[in-house]
Amino acid sequence: MPTRLLVAILFASLLGGGSLSLPLHAQSGSATSPSDTVWVGSWEGTLHVSGTELRVVLHLDRTDSGLTGTMDSPDQGASGIPLDDIIATGDSLTLAVPSIAGRYAGVRTAPDTVQGTWIQGGIEPDLTLARTDTPSQVSRPQQPKAPFPYATEDVTFPTATERHTLAGTFSHPEASAPVPAVVLVSGSGPHTRTGETAGHETLTVLADYLTRQGIAVLRYDERGQGESESTLRGATTPMLADDVRGALTYLEDRPEVDAERIGIVGHSEGGLIAGYLGARYPDLVDLLVLLGSPGVAGDAVLSDQLAASAERAGAEGPRVDAQLETQQRVFDIVKQDADSTTIARELRTLITETSGVRQGDRVDREIRGLLDPWFRFFVRYDPASDLQQLTQPVLALLGEHDQQVRPNLNAEPLESALRTAPTSTYDVVVLSELNHIFQNADTGAPSEYAQIEETIAPEVLDRTATWILEPSSDE
């Protein structure tokens with residue numbers, strides 16, 4: 001989900017939630033020195049930050065211009081992050097990681113050991129590095145590998161209203177008759193057709209499994225991402241739903257697709273989009289699968305995320321209560337129908353009252369973020385109003401350990417809304433031990449996502465495919 005809703009730890013936020021993928025290339029380093037050669041190779045250590053362990057791997061090499069290198073963060077699914085300002089003087093080593101505003105300073109205390117400090121974001125944890133011939137790598141065993149037993153095609157299609165062009169991948173079984181088809185819709189924030197989250201290509205894995213089961217799949221680069229036109233700036237959930245409507249219309253015209261069996265598989269905000277479209281275009285949407293999708297309004301989801309974060313940190317008492325109260329006051333202001341100027345003024349007053357700070361770039365950035373059209377729609381939108389209108393079969397899956405859309409808050413409202421809907425076929429299931437992106441997890445904390453090798457639990461893949469393929473009583 002939600003990149004926008006992701007509760008990030010230090011490294012995850014600075015590395016873009018693990019989605020950073022930079023090319024391996026050398027950066028200018030220190031002047032050439034005979035002592036440089038002792039640093040050449042791979043060095044690995046573990047950062048301990050806010051109760052989380054993050055492996056760090058430095059790859060150093062020597063050129064005529066000095067030391068060069070890259071850094072990997074296997075637990076964040078990131079690799080090839082360029083290093084700069086690498087300076088080796090005797091047994092001392094310093095370097096910078098410009099893309100994440102990080103630095104490292106260490107001293108070689110043994111031929112294969114460096115003791116030092118990582119400096120980033122106002123904290124300075126210790127980081128001891130050891131030379132290794134087998135550095136840790138990101139393992140993603142479910143990542144599909146060619147050759148594939150189905151056809152794939154790069155495609156483009158226009159969106160429903162704004163008519164900008166989106167690019168995607170259409171995969172379908174080599175079948176003699178038309179087959180069911182779905183559009184895959186990722187959670188909030190910028191995503192390409194891979195659906196990369198914390199180093200996991202979630203949509204790639206899901207599309208591969210569904211297509212192998214006999215289902216055609218369209219996944220796409222969101223507006224302004226990859227090869228798609230336009231921009232996410234200023235785009236609200238209804239505008240993004242319009243993009244999905246264009247994808248559904250595209251599927252209707254494909255000869256490989258059974259036009260009477262076209263649906264949406266939406267994760268998190270993608271599930272909100274599925275319900276939004278299903279209620280408004282029942283002739284276009286034939287079935288829905290909601291994965292980790294909220295059943296309550298956005299302000300309640302975000303308040304619950306703050307409560308979950310406090311619980312994980314072991315925080316409780318008046319301070320947490322005050323934070324929750326302040327956050328709700330922010331939501332109440334943002335949810336007003338007033339103009340942006342009035343809302344900005346009220347927000348500034350609240351910030352001054354609660355923090356004592358009235359002016360400054362940080363305050364201005366906070367207010368701009370709270371006035372973002374996407375955010376203002378999200379905190380006000382209650383999905384129950386659309387879920388109650390659905391006539392199509394609906395499968396809603398939640399993870400027991402989900403810390404972003406927690407089942408204790410969302411399962412019953414989903415069930416209640418669908419119970420009153422015209423549909424006679426629906427199921428709301430809480431799956432044990434799964435997190436928000438449907439991995440088997442210990443705690444469900446977002447900081448675990450990249451550390452887990454599994455991309456999507458097999459049970460989720462199987463339930464999704466079965467729901468799409470089985471005829472329903474609503475037909």
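Close amide H contacts of Thr197 (hydrogens built in the peptide plane, cut-off under 5 Å, sequence separation of 5 or more or a different chain): Thr202.
Considering Cα pairs under 8 angstrom that are at least six residues apart, work out the relative contact order of the chain and quote it in whole percent. Could you put the intermediate results ahead of the total?
Details: 1032 pairs, mean separation 62.8, N = 475.
Averaging sequence separation for qualifying contacts and normalising by length gives 13 percent for the chain.
Is there a quick way to get the dipole size of the chain? I mean about its Cα centre, with the Cβ of Lys and Arg at +1 and of Asp and Glu at -1; what is the value in debye to the nearest 20? Numbers along the way, then the final one.
On the way: 33 positive and 67 negative charges, 204 e Å.
Using Cβ point charges on Lys, Arg, Asp and Glu, the chain gives about 980 debye.
Farthest toward the positive end of the dipole of the chain, out of Gly369, Ala279, Leu60, is the Cα of Gly369, where the dipole comes from beta carbon charges about the Cα centre.
Taking θ as phi - 60° and the Karplus parameters 6.51, -1.76 and 1.60, the scalar couplings of region 312-327 work out to 5, 7, x, 8, 7, x, x, 5, 5, 4, 5, 5, 5, 5, 5, 4 Hz in sequence order, x denoting glycine and proline. Can you work out the FRET efficiency for the pair Glu260 and Ala146, with r the C-beta to C-beta distance and R0 = 25 Å, to the nearest 0.05? For R0 = 25 Å, the calculated efficiency reads 0.20. For region 106-203, the set of trypsin sites (Lys or Arg not before Pro) satisfying both a DSSP loop assignment and a count of at most 15 other C-beta atoms within 10 Å is given as Lys145, Arg163.
Projecting the Cα atoms of Ser99, Gln451, Ser340 onto the charge dipole of the chain (Cβ charges, centred on the Cα centre) puts Ser340 farthest toward the positive pole. Of the residues Gln143, Ala110, Ile123, the one whose Cα sits farthest toward the positive end of the charge dipole of the chain, with +1 on the Cβ of Lys and Arg and -1 on the Cβ of Asp and Glu, is Ile123.
Among the trypsin sites (Lys or Arg not before Pro) in region 352-432, those placed in a DSSP loop whose Cβ has at most 14 other Cβ atoms within 10 Å are Arg358.
Judged by the gyration tensor of its Cα atoms, with axes a ≥ b ≥ c, region 344-397 is prolate; a/c meets the 1.5 cut and a/b is the larger of a/b and b/c. Approximating the spin labels as points 7 Å out from Cα along Cα→Cβ, the Glu316-to-Thr249 distance works out to 5.4 nm. Remark: the Cα gyration tensor places region 158-203 in the oblate category, a/c being 1.5 or greater and a/b not exceeding b/c.
Over the chain, DSSP H runs of length four or greater, each weighted -39,500 (n - 2.57), average out per residue to a 222 nm ellipticity of -9000 deg cm²/dmol.
Approximating the spin labels as points 7 Å out from Cα along Cα→Cβ, the Glu412-to-Ile87 distance works out to 6.1 nm.
The simple spin-label model puts a point 7 Å past each Cα toward its Cβ; for Val357 and Ser432 those points are separated by 4.6 nm.
Protection proxy ranking of 256-262, 405-411, 287-293, by the mean of other Cβ atoms within 10 Å over each peptide's residues and highest first, is 287-293, 405-411, 256-262.
Rounded to the nearest 0.05, what FRET efficiency do Phe377 and Ala110 have when you use their Cβ-Cβ distance and R0 = 56 Å? The partial results should precede the final answer.
Numbers: r = 57 Å, r/R0 = 1.02.
Step by step, r from the Cβ atoms, then E = 0.45.
Laboratory data are not the source of any read-out in this text; all were calculated from the coordinates shown. All values reported here derive from a predicted model rather than from experimental measurement. Cβ coordinates were reconstructed from backbone atoms using ideal geometry, including for glycine residues, and neighbour counts include every protein chain displayed.
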